[in-house]
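Q: Here it is, the structure, as structure tokens.
Nothing in this text is a laboratory measurement; each read-out follows from the coordinates by a stated rule. Nothing here was measured: the structure is a model prediction, and the numbers come from that model. Neighbour counts run over all protein chains shown; Cβ positions are idealised from the backbone, glycine included.
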Amino acid sequence: MHRTFFAILFLLLLGSRLCHINILWAEEDLPMAAAKQMAFGKTLYRDVWFDKPPLLAAQYLAWGVRAGWVLRVAGALFALLACWLAYAFARDLWSQREGLWAAGLLGFFLIFDFPSAVIPLAADLTMLAPHLAAVWLAFRGRAFWSGVCAGVAFLINTKAMFVLAACAIWCFPALGLLAAGFIAANAVGAAWLAWSGALIPYINEVWRWGFLYAGSTFLEHPVRDGIVKTADWFGFHAALVVAAVWNRDSEPVRWKMLAWAAISLAAAALGWRFFPRYFFQVLPVLVIAASRGIVLMKRWRVLVLALLLIPFIRFGPRYVLLASGRSHEWKDIAMDQDSQKAARLVRELARAGDTLFVWGFRPDLFVYTGLPAATRFIDCQPLTGVPADRHLTQSAPVGADFTRVNREELARSRPSIVMDGLSLYNRPLGMDHYAELRPWLAQYREVGRTKTIVIYRLAASGS
């Protein structure tokens, strides 16, 4: 029975992702752009500025950093793995019935939720599988391997420190083994970074910039907005909340669940941004707890099924529009569509040996053009000091002590093609705003533009 269940679940996950076959979401194009440069032989952090842990980008090498159907099949397989881990955990806690409910509920919310969160293999979603695996193994008494999985999660998303804390609750007497596994996984990563000469750049890009990013927020009233956004998320996932509250399990398991939930909620709030994707940290514990509650509800589980209509009605019609090809007026993908248009123009004028620089946070242009980066910088955050979550409307940097040096480095480069995807949105962050870049920009002439992107070619390189 469970094999048929998982086969159907995979087809549903795959179908939802194939609806996005012609879209790249903002959270997946940065690691893909970094992986593209790795495929060209560059070393992450040393040759490519990247502010996320290494496995997030490296995973895309497994399928050749290919977009389209290959990327979406990979996403469906990953989602299926997460669902199976939820099944295994709930099954071992209670029975196969709870396991199937856990897998089904997780699969449902990996389809009917904000597309920008559930479709791309970004940091928060990609951590879902090792998060579930780590806590499951901690529950089973496999503390060392639980630590290894938490370590793998940490090489994907730095918020995995909270996963490690959750694991400690489930295997408290074996904290030494848990720590040993975590250290072992990260020692392998650190050894690779040191061997490739990328360890110091990794610290600067992931941790130094990460602290600057996490230490500021674009929200004017973060506490108020955080309460509202958190309430919205739990309201949208009311089916899980109701079933989880209904869970009347034994005291030890209940308190461990509550502690896991509190730790995960703290992780989601870190940085005071409250994007929907951040709540993937909370989803595993909520799904596991809800699976038990929905079994105990018996005839009342119809209430949970009715509450599932909220996300189904909200996001179901979008899949119909995408499948029918009628998504051209969808605001959420307008920037991606313009990137595809600009990339087609560049491919028409590109020559053998051309290199690319992109101003703004438009790493999808590296994916769509297929051109190698001319510099270490695949987005302009390290050049302006303005995080990507606000750079379209704000211009105040969160850190400026290192940006001038980076701009001077850029001014010494000679990319064949420059694509400016920011100046038409936010003039104060235009390239000509920076004195170090004005003489450099003067070497280029405009050869094309779209609604949001200006394309330049190095004048000395030809017509």
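Q: Take every DSSP beta bridge with both residues inside the chain and express the antiparallel ones as a percent of the total, to the nearest 5.
A: If we restrict to bridges inside the chain, about 55 percent are antiparallel.
Q: List the relative contact order of region 8-130 as a percent without decimals, with contacts defined as Cα pairs under 8 Å and 6+ residues apart.
A: 34 percent
Q: Still on this structure, I have one more. Could you give the size of the charge dipole of the chain about its Cα centre, using +1 on the Cβ of each K and R and -1 on the Cβ of each D and E, expressed in debye and rounded to the nearest 20?
A: 780 debye
Q: Find the centroid of the Cα atoms in region 266-294 and in region 1-79, then give the distance between the two in whole Å.
A: One Cα centre to the other: 22 Å.
Q: Roughly how tilted is helix 175-195, in degrees to the nearest 10 and between 0 and 90, from the longest Cα axis of the chain?
A: 20 degrees
Q: On each of the three principal axes of the Cα atoms of region 168-321, give max minus min coordinate, whole Å, ordered largest first.
A: Here the Cα extents, ordered largest to smallest, are 59, 43, 34 Å.
Q: Treat every Asp and Glu Cβ in region 295-403 as -1 and every Lys and Arg Cβ as +1, leave all other atoms uncharged, and give the resulting dipole magnitude about the Cα centre to the nearest 20 debye.
A: 740 debye
Q: Against the longest alpha carbon principal axis of the chain, how many degrees, from 0 to 90 and to the nearest 10, is the axis of helix 2-18 turned?
A: Roughly 30 degrees, rounded to the nearest 10.
Q: Only counting other Cβ atoms within 10 Å, I'd like C83, C171 sorted with the fewest neighbours first.
A: Result, fewest neighbours first: C171, C83.
Q: When a footprinting reagent is the concern and you count Cβ atoms within 10 Å, what order do M419, M431, M161, M257 take, fewest first?
A: Lowest count first: M161, M257, M431, M419.
Q: What fraction of the Cα pairs in the chain, stated in percent, has a spacing above 41 angstrom?
A: So the portion of pairs separated by more than 41 Å is 20 percent.
Q: Below 8 Å, C-alpha to C-alpha, sequence gap of six or more: please give me the relative contact order for region 333-461 in percent.
A: Computed value for region 333-461: 26 percent relative contact order.
Q: Going 7 Å from the Cα of V405 along its beta-carbon direction, which residues of region 375-399 have the amide nitrogen within less than 20 Å of the resulting point?
A: 375-387, 397-399
Q: While we're looking at this one, here's another question. Taking every eigenvalue of the Cα gyration tensor of region 272-334, multiplying by 5 and rooting it, what semi-axes result, largest first, whole Å?
A: Sorted largest first and rounded, they come to 30, 19, 8 Å.
Q: Another question, then. I want to check the label-to-label distance for A323 and R347. Put each point 7 Å from Cα in the C-beta direction and report it in nm to one decimal.
A: 2.7 nm
Q: Can you compute the FRET efficiency between E446 and Y425 using 1/(1 + (r/R0)^6), with r the Cβ-Cβ distance and R0 = 22 Å? Round to the nearest 0.05.
A: After rounding, the FRET efficiency stands at 0.80.
Q: Now for a separate question. Helix 160-170: angle to the longest alpha-carbon principal axis of the chain, degrees 0 to 90, nearest 10?
A: Between helix and principal axis, roughly 10 degrees.
Q: A further question follows. How high is the relative contact order of region 223-296, in percent, counting Cα pairs under 8 Å that sit 6 or more residues apart?
A: Relative contact order, region 223-296: 49 percent.
Q: Would you kindly state the longest site-free stretch of the chain, with sites defined as GluC sites (Glu not before Pro) in a DSSP loop (not H, G, I, E, B) surrounded by at most 14 other Cβ atoms within 10 Å?
A: Answer from the scan: 1-219.
Q: Which loop trypsin sites (Lys or Arg not before Pro) in region 340-436, with loop taken from DSSP, have no more than 11 other Cβ atoms within 10 angstrom of their Cβ?
A: Qualifying residues, ordered by number: R351, R412.
Q: Sort 103-116, 39-52 by packing, meaning the average of other beta carbons within 10 Å per residue, with the highest value first.
A: The peptides rank, most packed first, as 103-116, 39-52.
Q: About its Cα centre, how strong a charge dipole does region 333-461 have in debye, to the nearest 20, once Lys and Arg get +1 and Asp and Glu get -1 at the Cβ?
A: 320 debye
Q: Follow-up. I need the shape label for region 350-463. Rule: rounded when a/c is under 1.5, else prolate if a/b > b/c, else oblate, with a, b, c from the alpha carbon gyration tensor.
A: Since a/c reaches 1.5 and a/b is larger than b/c, the shape of region 350-463 is classed as prolate.
Q: Same structure, new question: Ranking K229, K298 by Cβ neighbours within 10 Å, fewest first, what do you get?
A: K298, K229
Q: Considering the options G360, Y278, G325, tell which one lies farthest towards the positive end of the dipole of region 270-393, charges being +1 on Lys and Arg and -1 on Asp and Glu at the Cβ, about the Cα centre.
A: Sorting the options by dipole projection puts first Y278.
Q: Specify the inter-centroid distance of region 170-212 and region 348-427, based on alpha-carbon positions, in whole Å.
A: 28 Å
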